[in-house]
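Working notes for the structure below.
Where a number appears in this text, it was derived from the coordinates with a stated rule and is not lab data. All of these numbers come straight from a predicted model, not from anything done at the bench. So basically every Cβ, Gly included, is an ideal-geometry build from the backbone, and we count neighbours across all protein chains shown.
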Amino acid sequence: MSARRIFARPARLAAIVPYVWMVLFFLVPFGFVLKISLSQTAIAQPPYEPVFDLTAGWAALKPAFAALSIDNFSLLASDDIYVFAYVRSLTVAVTATALLLLIGYPIAYGMARLPKRWQAVAMVLVIVPFWTSFLIRIYAWINILQHDGLLNQILLALHLVSQPVVWLSTDSAMYIGIVYSYLPFMILPLYATLAKMEPALEEAASDLGAPPWQVFWLVTFPLSLPGVGAGVLLCFIPIVGEFVIPDLLAGSNSLMIGQTLWLEFFTNKDWPVASAAAIVLLMVLLVPLLLYERLQKRQLEQGR
Amino acid sequence: MTDELPRTGAAKDAVGETQSAAGEPLLRIEGIAKTFGTFRAVDGVSLDIKAGEFFALLGPSGCGKTTLLRMLAGFEAPDEGRILLGGKDIAQALPHERPINMMFQNYALFPHLSVHDNIAFGLKRAGMARTDIATRVAEMVALVKLDGLEKRKPDQLSGGQRQRVALARALARRPRLLLLDEPLAALDKKLRESTQGELMELQRRLGMTFIIVTHDQEEAMTMASRIGVMRDGKLAQVASPRELYEAPRSRWIAEFVGDVNLFDGEFKLRDGHHLVIATQGAGTLMVAEPREPVGEGRLSVAIRPEKVKLSRRGPVGEIGHAAAINRLEGVIADICYLGGTTTYKVKLGAGGTVQAAVANSARLEADSYSLDQHVVAWFTPDDCVVLPS
């Protein structure tokens, strides 16, 4: 196919755009990080070596390649700190995503059942927190959760507790922060699938003798699975790498992988280890992504 | 068939007879009403349906027929009135508690379930034994001729096949009453016609009671043994298809069901069994006196196009000598060839227009009349229906 024919079709040209974007802003930076992860830390600028010096020509590149090693990856596997950080990240992400699904599903379901004009209002209400900076919202939570904060005042006023509860620097505070911040990312895809579901399907199920709970489990929920998948991925993946919320709200005794990365980069100035940790994190996150992709493909094939 | 046909205006008597003869009806709807906001969708409908009937609810969109059907299925609760199924009031029962099943307009097949599981859905809910379910599903699959497709998902089926799955799923529980909401609307014309026949055959064979909702009057006429015409939330007329067509109770029904020529006029005098009516547009017309008095004063005369005959000089032979015949002179203003028939529009000397549908009974014959030709349109008083204006 000649170049003229390719460029004669704007639609084909448009299809190239995402690839160009992916190569420029994902694949190339990934190459940099991968390279750094195979380097050794050094007191230099940049703080690792070897550095590819393209001015020295091909001959100089060869020893640079030879100097690369996987030592950083072995370190990650051998040092408990990193393993614990990965395990904790995954535990937090699984727990938080489960909470988000439990809270988000009823909200999305309720939204999809509202009269059409109220659905738009509800949608705005879900999105409106985004108008405020994410950091400000997390700081607001610090305010609410502190010793004499709003939450403790309410609990004391209702006589639910006799003395202020310690919220800050606990896992509860972190989960509150995560669920609060990520809820829209769970609600929106769920709402999108539930809202476009034909109401006649639920009616048909109840017409065929299914009581309301069976209508939900046998028809509504299975048909909303694509939305569940999208919501879970949209929350799970960034939560695994979450840095700000655990740093500000959780205690400092156990770190998530995002915090470990930060420490390696900025406190220890160990770019190679940090890069290696980032690469491993990416690999870990590829698993659920590939699973989801596979699931969707199967659904598409069934749909044919 | 002709013997059953009551004379003009006798609709009410005929309906009364069929009901009293049947004894207790399967379904009795009593003064049912439903309001959405300020809109009265169904406004006091009462109706009896016998076991084994094929009943059609016919009406334009927004007339309340679908709301009425949805109240029978249990998706809407009526604000007023009772729904008695076999003598038991089910008006407030939930859909899954009713021995009624519905075939949905767009079929509402479960996209994540196979044909087999779609049909078995209702049977599983009824707690049927696994082996019985297998037998019943196989029976249903054979009934609607879907053999070999049991494992397919709905989106791997054609429109006609999907329609069959929906039917099988609704029939599987052997409901006492099957509701069909525009069941053929999504099919193309040829398939629709063959499916109409199959539905009728099936209904007869199973001896089940069907209530179908449709906006298509031809569909209602073809399939139903009785039709309820709805307008603005009320039942305008309940009658057999023939009665509805030949003895409509109002101008609106006459126009809604089939084509009709309508002439508004004034009652002049009673001449034996005929009323003489002075119309605008068609001069003085003689019509058979209806059984149900229509009063005197402003009246309308309705005549179906196929009952208007055309000739060059007017009726000949025995009928031509009868005194009581309506002769309208005019010129052909428009010719519309429709294959089976040709419709002529005749501009009358009296100012109005009359449509005549003439059967094309011979193949090698050009249109009998040409544009601007002078013709006589004629019809007997018995072919007209007189209606309150």
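Below are the figures for this structure:
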quantity	calculated
Shielding by partners - mean other protein chain Cβ count within 10 Å, residues of B:169-177	1
Charge context of residue B:137, other residues only, Cβ under 10 angstrom, K/R +1, D/E -1	-2
Reachable aspartates and glutamates from residue B:345, criterion Cα separation under 16 angstrom, eight or more residues apart if same chain	B:259, B:306, B:329, B:334, B:367, B:372
Region B:189-196 - phi-based ³J(HN,Hα) in whole Hz, Karplus 6.51/-1.76/1.60, Gly and Pro as x	4, 4, 5, 4, 5, 5, 5, 3
Gap separating the Cα centres of region B:330-367 and region A:99-135, nearest whole Å	63 Å
Compactness index (Cα Rg / 2.2 N^0.38 Å), the protein assembly as shown	1.45
Kirkwood Rh, angstrom, region B:158-302 [1 / mean 1/r, Cα pairs]	17.9 Å
Chain A - Rg and Dmax from Cα coordinates, angstrom	24.7, 79
Cβ-placed point charges (K, R +1; D, E -1), dipole of chain B about Cα centre in debye, nearest 20	1140 debye
3J(HN,Hα) from dihedral phi, region A:247-257, Karplus parametrisation 6.51/-1.76/1.60, rounded to Hz, x for glycine, proline	5, 8, 10, 8, x, 9, 6, 10, 9, 8, 5
Modelled FRET efficiency - R0 51 Å, residue A:44 with residue A:135, Cβ distances, 0.05 increments	0.95
Cα-based equivalent ellipsoid, region B:63-172: semi-axes from gyration tensor eigenvalues, Å	28, 17, 11
Residue of B:133, B:90, B:100 that the Gaussian network model of chain B assigns the largest fluctuation, springs spanning Cα pairs under 10 Å	B:133
Cα Rg, Dmax (largest Cα-Cα span) when computed across region A:129-247, Å	19.6, 55
Of every Cα-Cα pair in chain B, the percent that sits beyond 25 Å	63 percent
Residues of type lysines that residue A:62 reaches as a straight line, Cα spacing below 19 Å, ignoring anything fewer than 8 places off in the same chain	A:35
Whole-Hz couplings from phi, Karplus 6.51/-1.76/1.60, listed for region B:259-275; x for Gly and Pro	8, 8, 9, 10, 10, 7, x, 10, 5, 9, 7, 9, 10, x, 8, 10, 9
Residue among A:246, A:211, A:18 with the largest mean-square fluctuation in a Gaussian network model of chain A, springs linking Cα atoms under 10 Å	A:18
Descending principal axes extents, region B:222-365, alpha-carbon based, whole Å	46, 40, 29
Cross-link partners of residue B:189 among aspartates and glutamates (Cα-Cα below 13 Å; sequence separation of 8 or more within a chain)	B:216, B:218, B:219
Distance histogram for region B:183-244 (every C-alpha pair counted, 5 angstrom bins, percent rounded to whole numbers)	3, 16, 27, 24, 18, 9, 2
GNM top mover of A:127, A:154, A:257 - chain A, alpha-carbon springs below 10 Å	A:154
Computed P(r) (all Cα pairs; region A:182-227; 10 Å bins; percent)	28, 47, 21, 3
Dipole of the protein assembly as shown, positive direction: furthest Cα of B:230, B:36, B:183, with charges on the beta-carbon	B:183
Centroid-to-centroid separation of region B:49-81 and region A:239-254 [C-alpha atoms, Å]	59 Å
Distance from region A:199-229 to region B:287-304 (C-alpha centre basis), Å	55 Å
